[in-house]
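S.K.: Let me give you the structure first, and then I'll get to my questions.
Just so you know, all these numbers are worked out from the coordinates, no wet-lab data involved. Because the structure is a prediction, the values reported are computed rather than measured. Using ideal geometry, Cβ is built from the backbone for each residue, glycine included, and neighbour counts are taken over all protein chains shown.
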């Protein structure tokens, strides 16, 4: 599953906004420069974030945007969903009884991908902008130990000395 730039950029911009606001509105031009995102693209994203109540705009000199909630209440999943980025791993339309095959049947792996999408949504719903800023999401996952039967066929694994 790949998250498009729309969702990634919205999260990056929100992290930047919260990090640099310091009680004052932040101009989108500042965020665009720091994050190397097109200003016109950010304007489109922030219009959607504003409609969802995740940011609020301040007009006039010194205007810009402020977070609509405290950083600890801004969930990554909410930001992604606000910019119309679906969190799913299936080809099928969510909630539809129809599958992705031309005859509208579901593929054998449908439930696998459906569960993956739900796990991703649960994870992103548990992570806040505050978590990202405070580096409580490390991004380092230790490799999982696979049982011997799950390893690639023909690949010899070193045997540990006992």
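S.K.: Between residue 34 and residue 6, what length in nm is gained on full extension when 0.36 nm per residue of separation is reduced by their alpha carbon distance? Numbers along the way, then the final one.
M.R.: On the way: separation 28, 0.36 × 28 = 10.08 nm, distance 1.70 nm.
Length gained, residue 34 through residue 6: 8.4 nm.
S.K.: Right, another one. Starting from the 7 Å offset along Cα-to-Cβ, what nm value, one decimal, do you get for the label separation of residue 22 and residue 59?
M.R.: Result for the modelled spin labels: 2.8 nm.
S.K.: Is any residue of the range 3-22 close enough, with backbone N under 13 Å, to a label point placed 7 angstrom from the Cα of residue 41 along the Cα-Cβ axis, and if so, which?
M.R.: Correct set: 4-13.
S.K.: Compute and list, largest first, the equivalent-ellipsoid semi-axes of the range 1-77 from the alpha carbon gyration tensor, each √(5λ) rounded to a whole angstrom.
M.R.: Working: eigenvalues 67, 43, 26 Å².
For the range 1-77, the semi-axes come out at 18, 15, 11 Å.
S.K.: Moving on. Highest mean first, what order results for 121-128, 106-113, 5-12 on Cβ atoms within 10 Å?
M.R.: Working: 121-128: 15.6, 106-113: 13.0, 5-12: 19.5.
Listed from highest to lowest mean packing, they are 5-12, 121-128, 106-113.
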